[in-house]
Every structure is written in structure tokens, then in C-alpha cells.
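Scroll down for the structure; my scribbles are underneath it.
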Amino acid sequence: MTAPTLRYLSRSDIAALGGDHSDLYMEAIEHGLRLHAAGEFVQPLKPYLRNPRGRHIADRIIAMPAWIGGEAPISGLKWIGSKHDNPSARGMERASAVMVLNDAETNFPVAIMEAGLISAMRTAAVTGIAVRHLAKAGFTDASIVGCGPIGERQARMLAEQFPGLESLRLFDLRREAAEDLSVRLRDRFPRLRIAIAETAEAAVRDASVVITCTVTDTPYLPFSWLSRGTFLANVSIMDVEREVFLKSDKVVVDDWDQSNREKKIINLLVESGQFSRETLHAELGEIVVGRKPGRETDDEVILLNPMGMAIDDVACAAAILRRAEAKGAGTVLPLY
Ligand SMILES: NC(=O)c1ccc[n+]([C@@H]2O[C@H](COP(=O)([O-])OP(=O)(O)OC[C@H]3O[C@@H](n4cnc5c(N)ncnc54)[C@H](O)[C@@H]3O)[C@@H](O)[C@H]2O)c1
């Protein structure tokens with residue numbers, strides 16, 4: 001009998017393997033989206049664990065299991081906690097997570113890794129792949145609404161992946177969060193012109209690419225704020241008013257089944273008969289493999305509603321594990 005082991009990777013182990021740069025995640029997410037389009041995945045609907053004392057929309061722990069196929073099949077689970085007041089009351093990140101990867105032959109756990117970084121980076125990479133296909137060619141400006149860790153990683157991804165990006169507008173209800181982020185971004189990307197918007201509307205109006213990264217539970221972003229040609233990534237899911245889903249030229253999701261549930265806006269629109277799988281333009285993977293078109297004219301307003309998929313996390317964690325194994329990185333622990 002071989003004695004089973006598992007590899008533990010902390011956030012700094014992952015960063016040292018290249019996990020602090022968007023390149024690794026763009027590649028892994030593209031691979032994951034291709035498998036999604038090919039149906040080479042299993043992804044049960046994710047359960048939300050909410051305890052009855054936490055009433056905020058962002059107080060929860062979510063279990064996200066998935067299997068991905070292809071040439072190197074692997075299974076995994078992201079177990080991601082969130083407490084809305086971690087930043088303000090405890091000086092801690094809102095989200096915290098671990099990822100377990102399981103060997104697809106034996107189903108034995110082979111790795112446990114910190115997954116707050118992976119989760120933020122893979123979320124940015126999903127937007128990045130979408131921007132490639134759905135933003136106006138040659139766009140030079142973008143806006144981020146909500147400047148926590150998710151907003152920061154989205155901004156860094158844009159700067160890293162789109163060298164034509166010249167200017168970035170930031171808005172946060174806490175002006176300080178936007179100012180702090182602008183300082184870090186100026187240090188890292190001196191080429192960028194960064195402005196702090198006074199309102200969400202000022203951030204969104206005339207922007208070519210808009211990314212929402214707040215923790216709101218109340219939609220505030222109407223269609224009238226969007227210009228022709230805008231690509232809007234609704235990363236925080238609850239920001240965009242219902243009419244935006246109905247008036248945008250194309251609505252794209254990552255996974256229809258995951259989007260049409262939990263009383264999220266698409267789900268409410270489906271229940272009231274205003275939206276359906278037929279009204280949806282595409283799942284993102286269908287665009288990546290060329291089965292459905294991406295942007296077709298400079299005029300289109302395109303909305304991405306990325307619920308976040310477990311296969312995103314598994315694809316990225318698997319890429320990190322392969323690098324860790326090749327370099328002998330992390331801590332190998334006995335399982336028994
Ligand atoms: N779709 C996905 O795949 C995915 C993945 C990860 C996280 N998320 C979402 O991203 C969001 C942000 O995560 P985070 O970890 O950065 O959260 P966070 O709480 O650390 O930061 C959120 C920031 O948004 C600001 N904010 C809150 N409401 C706002 C509003 N109405 N307008 C402007 N700013 C506002 C807050 O002041 C804060 O700075 C969460 O809603 C989370 O669920 C989505």
C-alpha cells in the first residue's frame with residue numbers, strides 16, 4: 001500500500017509559482033471554458049450555507065465542487081466563506097477559502113490550497129476572457145465600481161492583459177477604498193491615468209468597459225447610464241437593474257443553470273416570463289470556441305453576468321498544482 005500524501009499550498013506558495021499574475025489564470029480559464037462548451041465537466045449546483053444570525057447577503061459559506069475532463073481530468077471543491085463586516089470590523093478580507101483537489105483515478109485528496117487568491121484571480125480572468133471577445137476592439141478606458149480585493153484584481157488584470165488600456169475610473173461608496181487602490185495601481189502601472197469618480201453614475205457614463213465589484217443587494221445601475229458600445233461585467237451580480245438584461249443587445253452568462261437560480265435577477269426575469277434560455281445570447285464558453293459570435297459591431301451594449309463556476313476554480317488550482325509538483329513547492333503532508 002502506498003502511503004497517501006497531500007500537498008498544502010499557502011497564498012505565498014501560490015504567488016511564488018506565478019499565481020500573483022493574471023497570465024496563469026487567463027490560460028486556465030480559457031481551458032476551463034472550452035471544457036464547459038464541450039460538456040466535459042460536472043458541476044452540481046452550489047449550496048449556500050447561511051447561518052440564521054448573519055442576515056447580510058454577503059454572509060455565507062458556499063461549497064463549489066466540480067470535475068473537469070479533457071486530457072488531465074481532476075476533481076475539486078472550493079469552500080468559500082464570506083462575512084461582509086470582516087474588512088470594517090476585523091481588518092480581514094471579506095472572503096476566505098480553501099480548495100481541495102482530488103485525483104480523478106482514486107478520488108483521493110491530493111492537495112489543499114489557500115483559495116482566496118485563486119478565487120479573486122480566476123474571477124478577474126473570466127472577465128478578461130470576456131473582454132477579449134465582447135469589448136470594443138482597441139478600447140482604452142475602463143471603470144471599476146467597488147474597490148475591494150475583487151475590484152483590485154479586476155483592475156490589475158485589465159492593466160496586465162490589455163496594453164492599450166490608458167485610463168481607469170474608480171468608484172467606491174468608501175472614497176478611501178478607491179483612493180488607496182488608485183495609489184497601488186499608479187505604483188504598479190505608471191502608464192495608467194487613474195481618476196476617482198464622485199458617483200457610480202459618473203464612473204459608468206461613457207465608459208467602454210464597466211466592472212461591478214460591490215457587495216450591494218439593491219440594483220442601482222440603469223440602462224440609461226450605459227453608452228452604445230459598452231461592455232459591462234456584472235461581477236457582483238446584484239448591481240444591474242432588470243431593464244439592463246432586457247435592453248442590452250447581448251446578455252452572456254458563464255453557465256445558464258447556475259445563473260437561473262437563487263432569486264438572482266435572471267431567475268426573477270425567467271419566473272416573470274421576461275427572459276429565457278432563448279433570449280440569452282450565449283454561455284461564455286460557446287463564444288470562446290466560436291460556436292456563437294462575440295461582439296459584432298462597435299455599437300452593441302453587451303452584459304456579462306458571471307455567477308462564478310466551480311470549474312473555474314478547479315481549472316486554475318489544477319494548473320497551480322502542476323507547477324507546484326514540477327518545482328516541489330509547498331508542504332507535503334501525510335494523510336494517515
Ligand atoms: N461573480 C463571481 O464569480 C464573483 C467571484 C468572487 C467575488 N464576487 C463578488 O465580488 C464582490 C466584491 O468582493 P470583495 O471581496 O472585493 O468585497 P469587499 O466587501 O471586500 O469589497 C467591496 C467594496 O465595494 C464597496 N461597495 C459596497 N457597496 C457599494 C456600492 N453600492 N457602490 C460602490 N461601492 C460599493 C465597499 O465599500 C468595498 O470597498 C462581492 O459581491 C462578491 O460576491 C463575484
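The values are calculated or read from the model by the stated rules, or taken from the named source; none is laboratory data. Since the structure is predicted, the reported quantities are computational estimates derived from the model, not experimental observations. FYI the Cβ positions are ideal-geometry reconstructions off the backbone, even for glycines, and counts take in every protein chain you see.
Evaluated against (1) under 28 Å from VAL131 (Cα atoms); (2) within 16 Å of the ligand (Cβ to nearest atom); (3) not β-branched (Val, Ile, Thr), ASP59 falls short on exactly one condition, (1). Considering the conditions (1) buried (at least 19 other Cβ atoms within 10 Å of the Cβ); (2) in contact with a Gly (Cβ under 8 Å, 6 or more places away or on another chain), GLU93 is excluded by exactly one of them, (1).
Where strands (runs of 3 or more DSSP E) fall entirely within the range 86-185, those with at least 2 residues that are assigned by TED's automatic domain parsing to the domain that holds ILE211 and in contact with a Lys or Arg (Cβ under 8 Å, 6 or more places away or on another chain) are at 141-145, 167-171.
Being in a loop (DSSP other than H, G, I, E, B) and surrounded by fewer than 20 Cβ atoms within 10 Å (Cβ to Cβ) holds for only one residue in ARG34, ARG55, and it is ARG55.
For SER276, the stated conditions do not hold, so it cannot be described as outside any loop (DSSP other than H, G, I, E, B) and either within 11 Å of LEU303 (Cα to Cα) or outside the structural domain of GLY32 (by TED's automatic domain parsing) (or both). Taking the range 209-267 as the region of interest, the strands (runs of 3 or more DSSP E) fully inside it that hold 3 or more residues being under 16 Å from the mean Cα position of the chain (by Cα) are 209-212, 231-233. For the range 304-317, the condition of being away from the ligand (no atom under 16 Å from the Cβ) and not basic (Lys, Arg) holds for none of the residues. If I filter the range 258-276 for residues that are away from the ligand (no atom under 15 Å from the Cβ), in contact with a His (Cβ under 9 Å, 6 or more places away or on another chain) and of a type outside the set (S, T, N, Q), do I get at least one hit? Scanning the range 258-276, I find no residue that is away from the ligand (no atom under 15 Å from the Cβ), in contact with a His (Cβ under 9 Å, 6 or more places away or on another chain) and of a type outside the set (S, T, N, Q), so the answer is no. Among the residues of the range 231-257, how many are farther than 29 Å from GLY138 by Cα and surrounded by 20 or more Cβ atoms within 10 Å (Cβ to Cβ)? The total comes to 0.
Could we say that GLY70 is free of Cβ contacts under 8 Å to residues at least 12 places away in the same chain and closer than 21 Å to ASP254 by Cα here? Answer is no for this residue. Restricting VAL251, VAL332, VAL314, VAL301 to residues that are touching a strand residue (DSSP E or B) at 6+ places or on another chain (Cβ under 8 Å), aliphatic (A, V, I, L, M) and without any contact (Cβ under 8 Å) to a residue 60 or more places away in the chain narrows the list to VAL251.
Within the range 200-212, is there a residue that is among the basic types (Lys, Arg) and surrounded by fewer than 17 Cβ atoms within 10 Å (Cβ to Cβ)? No, the conditions are met nowhere in the range 200-212.
Checking each residue in the range 301-336 for being of a type outside the set (A, V, I, L, M) and assigned to a helix (DSSP H, G or I) picks out ASP312, ASP313, CYS316, ARG322, ARG323, GLU325, LYS327. Yes or no: the range 59-68 includes at least one residue that is of a type outside the set (Ser, Thr, Tyr) and surrounded by fewer than 16 Cβ atoms within 10 Å (Cβ to Cβ). Looking for residues that are of a type outside the set (Ser, Thr, Tyr) and surrounded by fewer than 16 Cβ atoms within 10 Å (Cβ to Cβ), one finds at least one in the range 59-68, hence yes.
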